[in-house]
Amino acid sequence: MSPELDRLCSLLRSVAEAEIMPRFRHTATRSKVDGSLITEADLATQQRICDELGRIWPGIPVLGEEMTLEVQQRLLADVDVGLWCLDPLDGTSNYAYGFPYFCISLALLRGGEPVLGCIVDPVHDECFCAERGVGAFHGGEPLRLVSGRTELRECLAIVDLKRLPKEDLPSMGGQSPFCSQRNLGSIALDWCWLAAGRIQLYLHGGQKLWDYAAGRLIASEAGAASRLFAHSGGLPAESLSLEPRMAIAAENEALFERLLEWWSGLPHGGA
């Protein structure tokens, strides 16, 4: 693992210890315009990480989830020098209600794609990270999927029911081809759990850039197969965008093809 990734893990761990965990189960919440929740921990963590990144890597701007849309659009329009993409608290609803499944997610975007990713789960003291073309790591050790599963019925899936097409929901119950399924509420950690082999399949109907930038890189470098689709039209969509993306992923290419085939046959008309 490179010194740069090690430094990122240390940074996120220290900020989580200072800003997130002391407020866990002790912070007020309010609703944003889109109806999602925000807490003092989201804002304090974003500010602290922006300050630290500016000190350590001056000249590389930060796009944070809690910034205004206008600021986010301006930053994403000019990423030649690189751009940090930050979700200061992924899983805010979990955090607000005391459910211990949330994280900090940070990615470095360059050349139209994430090149570094780091995710820290402060409850379980886990750090997942990756560098494009180099590999993924968990706790400083290489992370590589080795499963030979090929059948969907052998797999545990994380399925986000909230944002998937409503006409497909009946198929996500007793008719689903998975062994079983979960919906845990932190997109970045979902990708990490796929990378670690804790789940084998993943379906999510609407992820933002800061949700998947680091996590998908980690899963890909660990050997998982995935594809992003436009949230509305169902067409493949891999370019950097602030628009939500549907995600389909599996721990290997064979499972991914089977999952995609099953998904394409659902009532929504296919991806």
> Among all stretches of the chain without exposed trypsin sites (Lys or Arg not before Pro) (DSSP loop, at most 14 other Cβ atoms within 10 Å), which one is longest?
Replying inline: 33-143
> So what is the 222 nm mean residue ellipticity for the chain from helices alone, if each DSSP H run of at least 4 adds -39500 (n - 2.57) and you divide by all residues, rounding to the nearest 500 deg cm²/dmol?
Replying inline: -9000 deg cm²/dmol
> What dipole magnitude, in Debye to the nearest 20, does segment 152-264 give about its Cα centre under +1 on Lys/Arg Cβ and -1 on Asp/Glu Cβ?
Replying inline: 280
> Direction-averaged shadow area of the convex hull around the Cα atoms of segment 77-232, nm²?
Replying inline: 10.1
> Nearest 20 debye, what's the magnitude of the dipole of segment 64-219 about its Cα centre given +1 on Lys and Arg Cβ and -1 on Asp and Glu Cβ?
Replying inline: 400
> How about the chain: what cysteines have no other cysteine beta carbon under 4.7 Å from their own?
Replying inline: C50, C85, C103, C155, C179, C192
> Size of the dipole of the chain about the Cα centre, Lys and Arg at +1 and Asp and Glu at -1 on the beta carbon, nothing else charged, in debye to 20?
Replying inline: 420
>> Per 0.36 nm of contour for each residue apart, how much would the distance between L37 and D168 grow if the chain were fully extended, relative to their Cα-Cα spacing?
In response: 44.5 nm
> Taking the Cα atoms of the chain alone, what are Rg (to one decimal) and Dmax (as a whole number) in Å?
Replying inline: 17.7, 52
> Which percent of Cα pairs goes in each bin when the distances of segment 3-143 are cut into 10 angstrom slices starting at zero?
Replying inline: 12, 42, 35, 11, 0
>> Whole angstrom only: what separates the Cα centroid of segment 82-113 from the Cα centroid of segment 37-78?
In response: 11
>> Viscosity 1.306 mPa s, temperature 10 °C: what is the translational diffusion coefficient of segment 152-264 from Stokes-Einstein with a Kirkwood Rh over Cα pairs, rounded to a whole number of µm²/s?
In response: 115
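None of the figures in this text is laboratory data; all of them are computed from the coordinates on show. What you see is a predicted model; the values in this text were computed from it and never measured. Glycine also receives a Cβ, built like all others from the backbone with ideal geometry; neighbour counts cover every protein chain displayed.
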